[in-house]
Amino acid sequence: MFSNILYFIVVILIYNLSLSREGPSYSYTVPALAALWGLYALWCRREFRYLMMRWGLRGHSGAAEGYQRAVGRLSILAVVLFGCAVFFFHLKAVFFHLPGLSGLSSIQGILAVMFFLLHLCTMWYFAYPAYLEVFGLEIERKSYVVSQLRMNVPILFPWVAVSVVYDLIGIIYPSGASALTERLEGSIVFFAVFILVLMAFLPKLIKSWWGCKPFEESDKKRLLEEFLKEKGFRYRALLRWPLLEGKTLTAGIMGIIARYRYILVTDGLFDSLSLEELKAVLAHEMGHARYRHLLLYLVFFVGYAVMSYGMFDIFLYLASGIPFLSEIVASDPDSAGELASLIISLPMLAVMVVYFRYVMGFFMRNFERQADLYSASVMGTASPIVSSLEKIAYLGGRGRDVPSWHHFSIRERVDVLRRFFTEPNLLKRHNRFVVCSFAIYLLCVAGMSYGFNSEPVRKWMVGGLVIRAMEKQVKDQPDNIMVQQGLAMIYHEMGRHREAADVYEMILEKKPDYAVALNNLAWLLATSDDPGIRDNARALKLARAAATIDRSSVVLDTLAEAFYVNGLKTEALAAIDEAISIAKEKKEYYLSQKEKMLK
């Protein structure tokens, strides 16, 4: 499940970074997407057939690891194919242009993620025979696929909730939605507070989604509840977790407040472990609550959100300094095109994978170790948690030496726990290690967030690296309007309005009817804070000239602004209404512009 969290994050990021400018050719796109899925299905079938031929004997020492590796490879392949569908086969445009969905980004996103889920369901369908053979569980194929789906879909609940709420804000209060996306403070506060509320109350929905029910009354259940009460642990309920019909061996905890905190235990684990071993497992889950691990996971997501807010602009500026990319990015000021979007998205994806897979993964593994040692401390000995881990490894068929990016291997966990017998202060030392590591993480995230989002630092970075490279290109290619336009856009973004205006003037001397330069210069003259270049009358003249050549929403927005600053309110409203009527995206921004002009 933890790996799938990472895959879903990548999928959502890929979808959000892509563009949807043109209407898709359904006669090309739909067959291409179907063919993509068909090829994936054939590859899944081949992969698991090969796995069963190689590790056909149940209980083979390498079978469990081979199965997990195959699932991991095919999941990554599904992510790659999703990226191909988005960037090369215009998946986003398919949903964007469906009737009634142009302004509902949440529904579009859900449909896109369902396309990815189709690939995962296909993988699980073909993985079923190998799963039975490797782990020896008796479960129907339909139940296996449905159980995997039910297990993984709640990963998307927070993202769906945020997207739906944002859409509702955009419908009810357009300028409010625009403020949330345009200002770092609004975005982060909205994201953090909303996710915090979801983490508090969502467990009640998830436990119903998973079909979790209370255990039947028994001495074992009664003694476990007495154990939790004796330790002063506050929670809502101890529930049966019907994961893969309850036959897998695992437990978990969810909920950051006691009223909606649930401890989940599968039937397989409940029946296989002794009472003392189950107490040790519950003490491990208590450790996660004791050390606020779920809240710390929220910090990791907010930390990435803060860093990534300014990261895209940084990568865009750096890409603009590369001769090949500068022409791609400069060729369309509003949307650099699918190719440029793909190229600029790659470093974003790389940073995201490194952050979650290695940085957050480091803490997740050490949080698990912290919970293990807490269990040993609560139980007074490491023996129960050690024997439970050994039994889970043996009965679950997963092996003692198979680590993951979010858990140490059973062997590594047991080796550390055995040190608890001779090093009673081991938990305190590990707690200090976790606290110091987290403090270093916070310092690094704060520094990088400041660097990515601080205007002085960004100006220094862009001015020192990108602008010098772009100025050299302009000097080397004096007739290349695309390179000049790219330089002007960066000047504008960096607040160097006078230099930007000079470059646009130079472009218009060579090509007087170039709509992009006319539009961008008009916007500068109408909105700049520099009184030396502010010229409302000429801004209107240039905006009118651009609008006679290009009636896009971007140009009409500039025309409306030019009318507005010249006191022509009626004409401004007519222009912004036309922009809204043809806008394919950023409608919230155009609606906020209209609100401003109505005042």
Acute angle (nearest 10 degrees) that the helix 481-493 long axis makes with the longest principal axis of the chain, alpha-carbon atoms: 70
Starting from 0.36 nm per residue, how many nanometres of slack lie between residue 446 and residue 428 once their C-alpha separation is accounted for? 3.8 nm
Inter-label distance for residue 5 and residue 350, nm, one decimal - labels placed 7 Å from Cα along Cα-to-Cβ: 2.6
Dimensionless Rg over Rh [the stretch 1-166; C-alpha; Kirkwood]: 1.02
Given the DSSP H assignment, sum -39500 (n - 2.57) over each helix run of at least 4 residues in the chain and divide by its residue total; what's the result at 222 nm in deg cm²/dmol, nearest 500? -24000 deg cm²/dmol
Where the only charges are on Cβ atoms (+1 Lys, Arg; -1 Asp, Glu), what is the dipole of the chain about its Cα centre, to the nearest 20 debye? 1880
Rounded to the nearest 0.05, what FRET efficiency is calculated for residue 259 and residue 401 with R0 set to 45 Å and r the Cβ-Cβ distance? 0.65
In the stretch 209-293, which GluC sites (Glu not before Pro) are in a loop and have at most 14 other Cβ atoms within 10 Å, using DSSP for the loop call? 216, 217
Can you sort 448, 286 from fewest to most other Cβ atoms within 10 Å of each residue's own Cβ? 448, 286
Can you give the extra length, in nm with one decimal, that the chain gains between residue 412 and residue 577 once fully stretched, where that is 0.36 nm per residue apart less the Cα-Cα distance? 53.0 nm
Counting only DSSP beta bridges with both partners in the chain, the antiparallel fraction in percent, to the nearest 5, comes to 60
Roughly what would the spin-label model give for residue 391 and residue 469, points 7 Å off Cα along C-beta, in nm? 6.0
Students often forget the sequence filter, so: which aspartates and glutamates lie under 13 Å Cα-Cα from residue 142 once same-chain residues fewer than 8 apart are removed? 245
Where the Cα pairs of the chain fall when distances are cut into 10 Å bins, in %: 3, 14, 22, 23, 16, 11, 7, 3, 0
Which FRET efficiency, nearest 0.05, do residue 544 and residue 204 yield, Cβ-Cβ r, R0 60 Å? 0.55
Once fully extended, how much extra length lies between residue 114 and residue 502, figured as 0.36 nm per residue of separation less the alpha-carbon to alpha-carbon distance? 134.8 nm
Can you pull the one-decimal nm distance between simple spin-label points at residue 596 and residue 16, each 7 Å off the Cα toward Cβ? 2.4
Measure up 92/569; 204/586; 279/428; 92/594 against 31 Å on the Cα-Cα distance and list the ones that go over. 92/569; 204/586
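Here, each number is a calculation from the coordinates, and none is a lab measurement. Bear in mind the structure is a predicted one, so any value in this text is a computation, not a measurement. Don't worry about glycine lacking a Cβ; one is built from the backbone with ideal geometry, like all the others, and counts go over all protein chains shown.
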